[in-house]
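The values are calculated or read from the model by the stated rules, or taken from the named source; none is laboratory data. Here the structure is a predicted model, which is why all the values come from computation and not from measurement. So basically every Cβ, Gly included, is an ideal-geometry build from the backbone, and we count neighbours across all protein chains shown.
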Amino acid sequence: MRLRHAVFAVFALAANAYAADAPPVAMPPPHDPNDYPNPYHVDEGWAKLGRSFGGVSAVDMDRDGKSVWVFERCGKPDDGCAKDKTLDPVLKFDASGKLVKHWGAGKFLYPHGIFIGRDRHVWLVEGISQSNVIADVIHEYTPDGKLLRTMGVPGTKGFSTDHFDGVSDVLVAPDGSIFVADGHSDKTNNRILKYDPRGKFLHAWGKLGSGPGEFNSTHGLAMDKAGRLYVADRSNSRIQIFDQEGKFLAEWRQFGRPSGIFIKGDMLYVADSLSSAQNNPGFKNGIRWGHIRDGKVIGFIPWGEYNAIEAVAVDDQDNIYTGFTNVPNFRRWVKN
């Protein structure tokens, strides 16, 4: 009963905060966070790569809504591409699972995030590995692999607006504004930065902490149709929601301990790879999804392995794509 009452209290607080900048919403009643329908099964072997996948924490849909892009770690579980310059880590699969584009051999150290812009430009984020392979940069490429720009200074880290420390994800808003999640752990920057379309710094917010607008592992970004920014605040076991100027709107804990987040229409999909009895009691690993309009979770794909599913994306047929890290793989889920 204590868990149920605690969850209800969190939902009530979130509703009050969210209502300040959005129409009133009806938050869901207390619920077992693992007791939701699972209408999906794995379409094993769908992606035809011809070799083993490395760790995958970066997946996004092409703007056609059918093809999917993957930024993977050159067949390695964690050290990424630092030791292998022969494999292409940037991969595009069509709706049948056929590999239709691949490039990037020798160009990257540690793949971590990906975002496909409205212009179909491919934004790639290189972070810091557990063994301290440091890249800390963001690249913008054409779909065929032509480098357009790099943000950050390769191989260095810092707190200035042109250096990152633990950069995890990037998102380009419809107006071209660039949002960066910078802070993979409690030893890194833990902030969100905003730049104009040309890369000029506008402002930043956040620091290490657990209060509103504070972070502990800014691991993923998403934006809804209303322009609200969703941040996977992973080690705080919550999603924080902001306007584009950094004003705090709400926190949602009902989706678990988020690594990757993805929005399709009115639906929010969340990859929970790190929930456990120690760091997020009551929640199991897997994919949860639910409505943005009321924050209600409606489905859950359980996954038993710890530190596994980190990335999630969804196509126009509601097939779900997931990236796995410590047990490297990339999978598609289809409805039963």
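Of everything in region 125-166 that's outside any strand (DSSP E or B) and among the hydrophobic types (A, V, I, L, M, F, W, C), which residue is surrounded by the fewest Cβ atoms within 10 Å (Cβ to Cβ)? Talk me through it step by step, then tell me what you get.
The first filter runs over region 125-166 and keeps only residues outside any strand (DSSP E or B), leaving 129-133, 142-146, 152-166.
Next, only the ones that are among the hydrophobic types (A, V, I, L, M, F, W, C) stay: 133, 153, 159, 164.
Details: 133: 18, 153: 14, 159: 12, 164: 32.
Here the answer is 159.
Among the residues of region 82-98, are any of a type in the set (Gly, Ala, Ser) and free of Cβ contacts under 8 Å to residues at least 24 places away in the same chain? Yes - at least one qualifying residue is present in region 82-98. Here residue 92 fits the description: of a type in the set (D, E, K, R), modelled with pLDDT of 95 or more, within 16 Å of residue 314 (Cα to Cα) and surrounded by fewer than 21 Cβ atoms within 10 Å (Cβ to Cβ). The number of residues in region 41-61 that are in contact with an Asp or Glu (Cβ under 9 Å, 6 or more places away or on another chain) and over 13 Å from residue 89 (Cα atoms) comes to 1.
Would you check which residues across region 226-254 are surrounded by fewer than 21 Cβ atoms within 10 Å (Cβ to Cβ), in contact (Cβ under 8 Å) with a residue 60 or more places away in the chain and among the small types (Gly, Ala, Ser) and list them? I'd like the intermediate steps shown before the answer.
First, the residues of region 226-254 that are surrounded by fewer than 21 Cβ atoms within 10 Å (Cβ to Cβ): 226-228, 243-249.
Those still in the list that are in contact (Cβ under 8 Å) with a residue 60 or more places away in the chain too: 226, 228, 243-244, 247-249.
Residue satisfying the conditions is 226 alone.
Can you confirm whether region 87-95 contains a residue that is among the basic types (Lys, Arg) and more than 12 Å from residue 109 (Cα to Cα)?
Applying the first criterion (among the basic types (Lys, Arg)) to region 87-95 yields 92.
Next, from what is left, pick out any that are more than 12 Å from residue 109 (Cα to Cα): 92.
Within region 87-95, one or more residues are among the basic types (Lys, Arg) and more than 12 Å from residue 109 (Cα to Cα).
For region 175-216, a residue qualifies if it is surrounded by fewer than 14 Cβ atoms within 10 Å (Cβ to Cβ) and within 18 Å of the chain's Cα centre (by Cα), and exactly one does: 186.
Considering only region 295-336, state which residues are more than 21 Å from residue 54 (Cβ to Cβ) and part of a strand (DSSP E or B).
Let us first name the residues in region 295-336 that are more than 21 Å from residue 54 (Cβ to Cβ), namely 295-302, 304, 314-319, 334-336.
Hits for region 295-336 are 297, 298, 299, 300, 301, 302, 314, 334, 335.
For region 77-102, a tally of residues being in a loop (DSSP other than H, G, I, E, B) and not β-branched (Val, Ile, Thr) returns 16. Of all residues in region 170-187, none that is under 18 Å from residue 209 (Cα atoms) has its Cβ atom under 7 Å from the Cβ atom of a residue that is assigned to a loop (DSSP other than H, G, I, E, B) and β-branched (Val, Ile, Thr), 6 or more apart or on another chain. Of all positions in region 283-294, none carries a residue that is in a loop (DSSP other than H, G, I, E, B) and either among the small types (Gly, Ala, Ser) or under 23 Å from residue 205 (Cα atoms) (or both). Selection of region 65-81 for residues being touching a residue at least 60 places away in the same chain (Cβ under 8 Å) and of a type in the set (D, E, K, R) yields 66, 72, 73, 76, 78.
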